[in-house]
Amino acid sequence: MPTILVAPDSFKGTFSSAQVAEYISAGIREEGLIAVECPLADGGEGTLDVLLLALQGEPNFQSVQGPFDQQVLARWGWVPDQRLAIIEVAQVCGLNLSGCTPNDSFRASTGGVGELIISAAKLGATKIIVATGGSATTDGGQGAIEALQGHEEAFAGTTLEVLCDVTVPFQDAAKVFGPQKGADPATVDLLNQRLDSVAVDYATRFGRDPRGIPRTGAAGGLSGALWAALGANLFSGADYVLNLVRFDELANSADAVLLGEGKLDSQSFLGKIVGVAASRVHDRPLIAVVGSTSLEASEIARLGVAQISIATNPGELHESGRILSQWLTAQR
């Protein structure tokens, strides 16, 4: 009986990756095929849920400083047998907590992330994973570093691994991502000046300048701050998650691989999870379910996708699973 590995990203703003996998898999099983569910994330929103599921961790909740000094109840993860903590920046200072105005883009702070890192270290974490995507911040990680001051002893023997959904260096964080966080041209200039000043401060205090280092611009420079101040290791979020969920092994054991995301576009080739996952599928039919696509058929073929289905609600996702299963069966 054919097996399909169902490995979607979330459909942002609508369904989590686990929900998408569940809806599609129900349609596959209705056709008598085997569906192996493998929800994915790239280091942005939804990464916490994916890692908790894969590692059989448990959620913790803590009230911390939000992006504008307000208190937010942030969810983070704990894997007791590995003494591993998982922090998703979007839970603390995500775009959903911001009005995305020029003032918001300048004021947004990463202080709450620092608070969660302290809590994880004091709980006894030997490794802390920080997923940086989806933040409202461009403070260069200043808020987090200020929160961490005076708690350095808590990090003895703790490894910090930062998952980045972008490769942008520290000095370009405002230029590239400021506008989507609400910054107008004048505010982008102010953010650029602040990032430059913060980088000089980090180089002086910690002996590490984040400017020019790939991935240090994630979460508005938070990744660069953690790299400079705490010696954090920076990873491609997509590759990190794929390795952790054993994607290659599961793909090689399946007869076909189904990927999914909310919108398939040119950025899908630039480090997004669907593009990275597609590049790792070899000698297996690759199919996809997406909420929408702006790509031409030739561009979709470049990604290696043999069949694609458009779905925007649970019923359509279920039906996509059925239709793609029928297609796969007809190929055999």
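The values are calculated or read from the model by the stated rules, or taken from the named source; none is laboratory data. Model, not experiment: these values are computed from the prediction. Glycine gets a Cβ as well: all are built from the backbone with ideal geometry, and neighbour counts include every protein chain shown.
Among the aliphatic types (A, V, I, L, M), at pLDDT 90 or above and in a helix (DSSP H, G or I): is that true of V257 in this structure? Considered against the rule, which asks whether it is among the aliphatic types (A, V, I, L, M), at pLDDT 90 or above and in a helix (DSSP H, G or I), V257 comes out as no. Here the range 183-202 is the region considered, the condition is being touching a residue at least 60 places away in the same chain (Cβ under 8 Å) and of a type in the set (A, V, I, L, M), and the residue that is surrounded by the fewest Cβ atoms within 10 Å (Cβ to Cβ) is A186. Screening the candidates D9, D81 for the property of being without any contact (Cβ under 8 Å) to a residue 12 or more places away in the chain and either acidic (D, E) or buried (at least 23 other Cβ atoms within 10 Å of the Cβ) (or both) yields one hit, D81.
Filter the range 21-48 down to residues that are among the acidic types (D, E) and in a helix (DSSP H, G or I) and give me whichever is nearest to I86 (Cα to Cα). First the steps, then the outcome.
Taking the range 21-48 first, the residues among the acidic types (D, E) are 22, 30-31, 37, 42, 45.
Subset that is in a helix (DSSP H, G or I): 22, 30.
Details: E22: 24, E30: 35 Å.
Among them, the one singled out is E22.
The listed residues are L73, L51, and the only one of them that is in contact (Cβ under 8 Å) with a residue 12 or more places away in the chain, assigned to a helix (DSSP H, G or I) and either under 13 Å from the mean Cα position of the chain (by Cα) or more than 25 Å from D184 (Cα to Cα) (or both) turns out to be L51.
Residue by residue, here is whether (1) modelled with pLDDT of 95 or more; (2) assigned to a helix (DSSP H, G or I) holds:
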{"position": "P214", "(1), (2)": "yes, no"}
{"position": "G220", "(1), (2)": "yes, yes"}
{"position": "A225", "(1), (2)": "yes, yes"}
{"position": "A228", "(1), (2)": "yes, yes"}
{"position": "L234", "(1), (2)": "yes, no"}
{"position": "A238", "(1), (2)": "no, yes"}
{"position": "V241", "(1), (2)": "yes, yes"}
{"position": "D248", "(1), (2)": "yes, yes"}
{"position": "A251", "(1), (2)": "yes, yes"}
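The residues in the range 203-236 that are farther than 20 Å from K175 by Cα and crowded, with 18+ Cβ neighbours inside 10 Å can be counted, and the count is 9.
Yes or no: A18 assigned to a strand (DSSP E or B), of a type in the set (G, A, S) and within 23 Å of E249 (Cα to Cα)? Working first, answer last.
Numbers: assigned to a strand (DSSP E or B): no; of a type in the set (G, A, S): yes; within 23 Å of E249 (Cα to Cα): yes.
Taking the combined requirement at face value, the residue does not satisfy it.
Restricting attention to the range 222-256, which residues are of a type outside the set (A, V, I, L, M, F, W, C) and either within 16 Å of A90 (Cβ to Cβ) or without any contact (Cβ under 8 Å) to a residue 12 or more places away in the chain (or both)?
Correct list: S223, G237, N243, R246, E249.
The set of residues in the range 273-315 that are surrounded by fewer than 16 Cβ atoms within 10 Å (Cβ to Cβ), at pLDDT 90 or above and more than 22 Å from A254 (Cβ to Cβ) comprises S292, I310, T312, N313, G315.
State yes or no: is G27 at pLDDT 95 or above and under 29 Å from S268 (Cα atoms)? Yes.
Name the one entry in A154, A108 that is assigned by TED's automatic domain parsing to the domain that holds A199 and within 22 Å of the chain's Cα centre (by Cα). Step through it out loud before you land on a result.
Values: A154 fails: within 22 Å of the chain's Cα centre (by Cα).
Being assigned by TED's automatic domain parsing to the domain that holds A199 and within 22 Å of the chain's Cα centre (by Cα) holds for just one of A154, A108, which is A108.
Filtering the range 140-162 to residues that are buried (at least 18 other Cβ atoms within 10 Å of the Cβ) and either outside any helix (DSSP H, G or I) or at positive phi (or both) leaves G140, G141, L160, V162.
Tell me, please, whether a residue that is among the hydrophobic types (A, V, I, L, M, F, W, C), modelled with pLDDT under 95 and either in contact with a Lys or Arg (Cβ under 7 Å, 6 or more places away or on another chain) or more than 19 Å from G315 (Cα to Cα) (or both) can be found in the range 2-10. Checked against the condition, which is being among the hydrophobic types (A, V, I, L, M, F, W, C), modelled with pLDDT under 95 and either in contact with a Lys or Arg (Cβ under 7 Å, 6 or more places away or on another chain) or more than 19 Å from G315 (Cα to Cα) (or both), the range 2-10 yields no hits at all.
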